[in-house]
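Notes follow the structure.
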Amino acid sequence: MRDVEESTITRAIIRKATDDWINLTETDVIVVGAGPSGLTAAMYLAKAGLKTVVFERKLSFGGGIGGGGMQFHKLVIQAPADKILREVGCELESLEKGLYVADTAAMIAKLASATIEAGAKIIPGVIVDDLIYRDSPPRITGAVVQWTSVIMSGIHVDPLGIKAKAVIDCTGHDAEVLAVASRKIPELELFIPGEKSMWASQAEKLTVENTGEVCPGLYVAGMAVATLHQTPRMGPIFGGMLLSGAKVAKLVATKILGGKARKVIPIDIS
Ligand code: 48F
C-alpha cells in the first residue's frame with residue numbers, strides 16, 4: 001500500500017472542501033434537508049440544470065425514510081410516484097394495483113445516489129438555522145448555515161451566509177426554516193399552525209396540492225407543507241413526499257429558468 005503523509009491527507013481535505021464551499025457561496029437553489037422530498041427536489045433541480053446544494057443536519061441521508069413504519073424497514077409507495085423510484089433504480093414489490101412496497105435502505109441509497117449523480121451537492125453535518133432577507137418587497141435571498149456540531153455544543157459561533165435564488169424548506173414535521181421565517185421576519189406574516197392527525201390519503205393529496213412558494217425566494221415541500229397548511233399527517237406512505245419534491249423542483253426551475261428549464265420529471269405534476 002502507498003505511503004502517505006498525514007499532512008497530505010489534511011491538505012487534500014481542507015483544500016477540496018473549501019473549493020466546494022467557495023463555489024457554493026452563490027448558488028441557484030438551497031434545499032434544506034436530505035429526506036425524501038429534499039432528495040427528490042434536488043435531483044430534479046440538478047437535472048433541470050440548476051446549481052443545487054442540500055444542507056443536511058445529520059451525517060446521514062434519508063430523513064424519515066430510514067425509520068420505515070415504526071422501524072419496520074419497509075415503506076409503502078403509491079402510483080404515480082413509483083415512477084420516480086423506478087427511475088432511480090429502486091426495486092419495488094407489488095402489493096396490489098398501483099400500490100408498492102420499498103425497502104428503506106434501498107430507497108435511501110438509490111435516491112441519494114441519483115441525486116448526487118444528477119449533479120446536486122449534498123453537505124452533511126450542516127444546519128440551516130436562519131435566512132438572509134431583503135425588504136421592499138420582503139424576500140428571501142439565501143440561508144444562514146452552521147456546523148451541527150457547533151449548535152450541539154451550545155457555544156456561540158457566528159454562522160455564514162449563502163446566497164441563493166431559492167431556498168426550499170424540506171425539513172419535515174418541524175418546518176424549521178418556515179418557523180425561523182415566521183419568528184424573525186414578521187413582515188412575511190407567516191403563521192405555522194402545525195399538522196393535523198393522521199388521514200393518509202387526504203394528507204398525501206393535500207401535501208402535493210399545497211407544495212409551492214411561501215414568499216418570494218422561499219418554497220416548501222414534503223411534510224413541512226402539512227405543518228404550514230394544517231393538513232393531516234400520512235404515516236409511512238411516501239408517494240406524496242416524492243411528488244411534492246418533484247413539484248417544487250418544477251416550480252423553482254420554471255421560476256429561475258423560464259422556458260429554458262429542461263423537462264426532466266417523468267410524471268405530469270400540476
Ligand atoms: O423528516 P424528513 O424525512 O422530511 P420529508 O422529506 O419527509 C417526511 C417523511 O420522512 C415522514 C412522513 C411522510 O410519510 O411523515 O416523516 O418532508 O427529512 C427532513 C430532513 O431534514 C433535516 C433532517 O435531519 C432530515 O434529514 N433537517 C431538519 N431541519 C434541518 C435539517 C435544518 N434546520 N437544517 C438542515 N437539515
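Hey, can you tell me all the residues within the range 179-194 that are in contact (Cβ under 8 Å) with a residue 12 or more places away in the chain and part of a helix (DSSP H, G or I)? Talk me through it step by step, then tell me what you get.
Initial filter on the range 179-194 (in contact (Cβ under 8 Å) with a residue 12 or more places away in the chain): 179-181, 184-185, 187-188, 190, 192-194.
ALA179, VAL180, ALA181, LYS184, GLU187, LEU188, listed by residue number.
Among SER197, SER201, which is in contact with a Lys or Arg (Cβ under 9 Å, 6 or more places away or on another chain), among the small types (Gly, Ala, Ser) and either part of a strand (DSSP E or B) or open to solvent by 50 Å² or more (accessible area, probe 1.4 Å) (or both)? Break it down stepwise before answering.
Numbers: SER201 fails: in contact with a Lys or Arg (Cβ under 9 Å, 6 or more places away or on another chain).
Just one listed residue meets the conditions, SER197.
Being of a type in the set (D, E, K, R) and open to solvent by less than 50 Å² (accessible area, probe 1.4 Å) is the filter here; which residues of the range 161-186 pass it? Explain how you work it out, then say what you get.
If we filter the range 161-186 for residues that are of a type in the set (D, E, K, R), which is where we start, we get 163, 165, 169, 174, 176, 183-184.
Matches in the range 161-186: ASP169 only.
Within the range 184-214, track down each residue that is among the basic types (Lys, Arg) and either within 20 Å of ALA246 (Cβ to Cβ) or more than 13 Å from the ligand (Cβ to nearest atom) (or both).
Filtering the range 184-214 for residues among the basic types (Lys, Arg) gives 184, 196, 205.
The answer is LYS184, LYS205.
Take the range 216-270 and flag every residue that is at pLDDT below 95 and part of a loop (DSSP other than H, G, I, E, B).
ALA261, ARG262, LYS263, VAL264, ILE265, PRO266, ILE267, ASP268, ILE269, SER270
Among the residues of the range 240-269, how many are among the basic types (Lys, Arg) and within 16 Å of the ligand (Cβ to nearest atom)?
Matching residues across the range 240-269 total 1.
Scan the range 82-127 for residues that are of a type in the set (A, V, I, L, M, F, W, C), open to solvent by 40 Å² or more (accessible area, probe 1.4 Å) and under 17 Å from the mean Cα position of the chain (by Cα) and jot them down.
Pass one, the range 82-127, residues of a type in the set (A, V, I, L, M, F, W, C): 84-85, 88, 90, 92, 95, 99, 101-102, 105-109, 111-112, 114, 116, 118, 120, 122-123, 126-127.
Adding the requirement that they be open to solvent by 40 Å² or more (accessible area, probe 1.4 Å) leaves 95, 99, 105, 109, 116.
Those that are of a type in the set (A, V, I, L, M, F, W, C), open to solvent by 40 Å² or more (accessible area, probe 1.4 Å) and under 17 Å from the mean Cα position of the chain (by Cα): ALA109, ILE116.
Any idea which of ASP130, ASP158 is surrounded by fewer than 21 Cβ atoms within 10 Å (Cβ to Cβ) and in a strand (DSSP E or B)? Show your work before the answer.
On the way: ASP158 fails: in a strand (DSSP E or B).
The match here is ASP130.
Could you please find all residues in the range 23-52 being over 30 Å from SER94 (Cα atoms) and within 11 Å of the ligand (Cβ to nearest atom)?
Across the range 23-52, the qualifying residues are ILE30, VAL31, VAL32.
From the list GLY63, GLY69, which one is on the phi > 0 side of the Ramachandran plot and either open to solvent by 40 Å² or more (accessible area, probe 1.4 Å) or over 20 Å from the mean Cα position of the chain (by Cα) (or both)? It would help to see each step written out before you state the result.
Details: GLY69 fails: on the phi > 0 side of the Ramachandran plot.
Step by step, each of GLY63, GLY69 is checked, and only GLY63 is on the phi > 0 side of the Ramachandran plot and either open to solvent by 40 Å² or more (accessible area, probe 1.4 Å) or over 20 Å from the mean Cα position of the chain (by Cα) (or both).
Given the structure, is PHE55 open to solvent by 70 Å² or more (accessible area, probe 1.4 Å) and within 16 Å of the ligand (Cβ to nearest atom)? First the steps, then the outcome.
On the way: open to solvent by 70 Å² or more (accessible area, probe 1.4 Å): no; within 16 Å of the ligand (Cβ to nearest atom): yes.
Answer is no for this residue.
Taking the range 240-259, which residues are touching a residue at least 12 places away in the same chain (Cβ under 8 Å) and open to solvent by 10 Å² or more (accessible area, probe 1.4 Å)?
First pass over the range 240-259, keeping only residues touching a residue at least 12 places away in the same chain (Cβ under 8 Å): 240-253, 255-257.
Correct list: MET241, LEU243, LYS247, LYS250, LEU251, LYS255, ILE256, LEU257.
Name the residue that is nearest to the ligand (Cβ to nearest atom), counting only residues in the range 215-239 that are open to solvent by 40 Å² or more (accessible area, probe 1.4 Å) and free of Cβ contacts under 8 Å to residues at least 60 places away in the same chain.
Within the range 215-239, the subset open to solvent by 40 Å² or more (accessible area, probe 1.4 Å) is 216, 229-230, 233, 236.
Subset that is free of Cβ contacts under 8 Å to residues at least 60 places away in the same chain: 229-230.
Numbers: HIS229: 13, GLN230: 15 Å.
Selected residue: HIS229.
Can you spot a residue in the range 134-149 that is in a helix (DSSP H, G or I) and open to solvent by 40 Å² or more (accessible area, probe 1.4 Å)?
Filtering the range 134-149 for residues in a helix (DSSP H, G or I) gives 148-149.
Cutting the leftovers down to open to solvent by 40 Å² or more (accessible area, probe 1.4 Å) gives us 149.
Yes - at least one qualifying residue is present in the range 134-149.
The values are calculated or read from the model by the stated rules, or taken from the named source; none is laboratory data. A quick note: this is a predicted structure, and the numbers were derived from the prediction, not measured. Note that we place each Cβ from the backbone using ideal geometry, even for glycine, and neighbour counts take in every protein chain shown. Calculation scope for accessible area: heavy atoms of the full protein, side chains included, ligands and nucleic acids excluded. Shrake-Rupley method; radii C 1.70, N 1.55, O 1.52, S 1.80 Å.
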